[in-house]
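Beneath this line is the structure, given in structure tokens, with notes to follow.
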Amino acid sequence: MGRPVMSETITSVIPGAKAPTPKPWIDAIHAYVPGKSKGKDGRPLIKLSANENPLGTSPAALAARAQAPALYPDPDSTALREAIGAAHGIDAARVVMGTGSDELLNLAAQGYAGVGDEVVYVRYGFSVYDIAARRCGATPVVAPDLDYGTDVDALLALVSERTRVVFVANPNNPTGSYLPAGEIARLHAALPADVLLVIDQAYGEYVAPEDADGALALAEAHENVLVTRTFSKIFGLAGERIGWATGAPSLVATLNRIRGPFNVSATGQAMALAALGDPGFLEASRVHNRDERARFVAKLEALGNHGLRPLPSQANFVLVLFEGKLSAEVAFDGLADRGYIVRWLPGQGLPQALRITIGKAEDMDTIAAALREMAEDAK
Ligand SMILES: *Cc1c(COP(=O)(O)O)cnc(C)c1O
């Protein structure tokens with residue numbers, strides 16, 4: 001009550017006053033929408049909306065967290081890069097770390113594209129590609145899908161002399177679709193040598209064998225291929241924000257120039273290093289996902305007469321299309337009523353679909369039973 005004059009003066013809008021104006025390409029960005037963990041009423045739900053590992057995190061990694069120093073981390077993540085190199089047969093000098101692979105995807109666009117350039121990716125792809133392209137002023141160019149999968153010919157048809165970067169997630173998110181090695185090689189072979197091909201293998205560890213699409217070998221052999229990986233998904237370290245990329249020394253040098261100097265925390269480096277030293281956890285996670293995904297998909301396929309269609313997935317989630325009386329929106333709300341949050345993606349042009357992360361066996365059973373019940377009741 002005792003401060004009316006001053007505060008009114010300060011907060012009043014001065015007609016004609018200037019304010020900072022964001023760049024128009026920044027203004028056009030729709031901020032990333034993360035998978036939620038609460039229902040509409042604020043109730044915490046079992047979260048199957050962000051493709052996290054239902055087995056949690058390697059106990060070895062959790063133990064390493066307590067040991068990590070609180071001072072500045074190693075700016076070059078040396079021990080971690082060496083361990084990644086050893087695990088994949090890559091020279092550690094060809095590995096660059098990021099604050100999650102999101103940072104590396106953004107840096108790849110920023111390093112090679114700008115105003116007047118084009119960045120190509122597929123519709124129903126990872127929404128970070130759109131942000132990464134727009135952030136640096138480049139124009140996003142979106143290729144049509146082939147029954148929700150990545151269509152190499154459609155991507156290539158959009159490559160022009162303005163194209164600087166092509167993003168492909170393999171397996172793809174949110175569809176779970178997978179391009180075999182022959183298709184990835186065909187895409188690369190048809191691209192001009194000065195176009196950067198970024199192959200995002202965030203879910204690569206769920207595929208057996210891991211590099212079945214040949215992306216790491218392409219990154220080893222060519223100057224214009226960057227492969228990104230993450231510790232967020234199968235390693236269960238999403239909270240620590242650790243990703244890595246590999247490619248030709250010139251690509252790695254570009255990303256190193258523009259990344260944050262201390263972009264991977266000390267805890268993140270220590271936990272990721274410990275996680276790499278626990279192949280048992282990795283294998284258990286892969287086997288759990290493979291088996292539970294197969295069981296879940298079989299149950300959904302049995303609901304085909306109700307219009308439910310699970311797309312073939314090589315990742316740790318399944319995109320389920322609702323093409324009958326039960327809509328994805330009603331199913332989303334029904335699952336929330338039963339304690340589960342999954343991902344409904346109308347903002348990505350998929351109002352007819354739910355992306356469901358593979359969780360614990362009992363949760364997948366409950367979800368499949370709930371979908372059956374809702375589908376049978378739908379009018
Ligand atoms: C989850 C995900 C990422 C990884 O994000 P981080 O920043 O490493 O947590 C990258 N690409 C795709 C396609 C993803 O789904």
Rounded to 5, the percent of DSSP beta bridges in region 59-277 classed as antiparallel: 35
Counting every Cα pair in region 59-277, what percent are over 29 Å apart? 22
For F317, list long-range residues whose amide hydrogen, built 1.01 Å from N in the peptide plane, is under 5 Å from its own amide hydrogen. I358
Using alpha-carbon pairs under 8 Å, 6+ residues apart, how would you state the relative contact order of the chain in percent? 21
Cα-based reach from K379 at 26 Å (exclusive), listing lysines while leaving out same-chain residues under 8 positions away: K40, K299, K325
Roughly speaking, what is the centre-to-centre gap between region 22-81 and region 230-303 when only Cα atoms are used, to the nearest Å? 11
What does the charge dipole of region 337-378 about its Cα centre add up to, to the nearest 20 debye, if the Cβ of each Lys and Arg holds +1 and the Cβ of each Asp and Glu holds -1? 280
Alpha carbon centroid spacing (whole Å) that separates region 99-142 from region 145-218: 15
Semi-axis lengths, Å, the chain, gyration tensor of Cα atoms, sqrt of 5 times eigenvalues: 32, 29, 25
Near the amide H of D117, under 5 Å away, which other amide H atoms are found, from residues 5 or more places off or on another chain, if H is placed in the peptide plane? T139
I need the phi-derived Karplus couplings for region 169-175: 6.51 cos²θ - 1.76 cosθ + 1.60, θ = phi - 60°, integer Hz, Gly and Pro marked x. 8, 9, x, 8, 10, x, 8
Using Cα pairs closer than 8 Å and at least 6 residues apart in sequence, work out the relative contact order for region 261-321, in percent. 20
Once both labels are modelled 7 Å past Cα along the beta-carbon direction, what's the E373-A208 spacing in nm? 3.4
Once you list every other residue whose beta carbon is under 10 Å from the beta carbon of Q348, what net charge do they have if Lys and Arg are +1 and Asp and Glu are -1? +2
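Values in this text are rule-based calculations from the coordinates and carry no lab data. Note that the structure is a prediction, hence the values are computed from the model and not measured. Cβ coordinates were reconstructed from backbone atoms using ideal geometry, including for glycine residues, and neighbour counts include every protein chain displayed.
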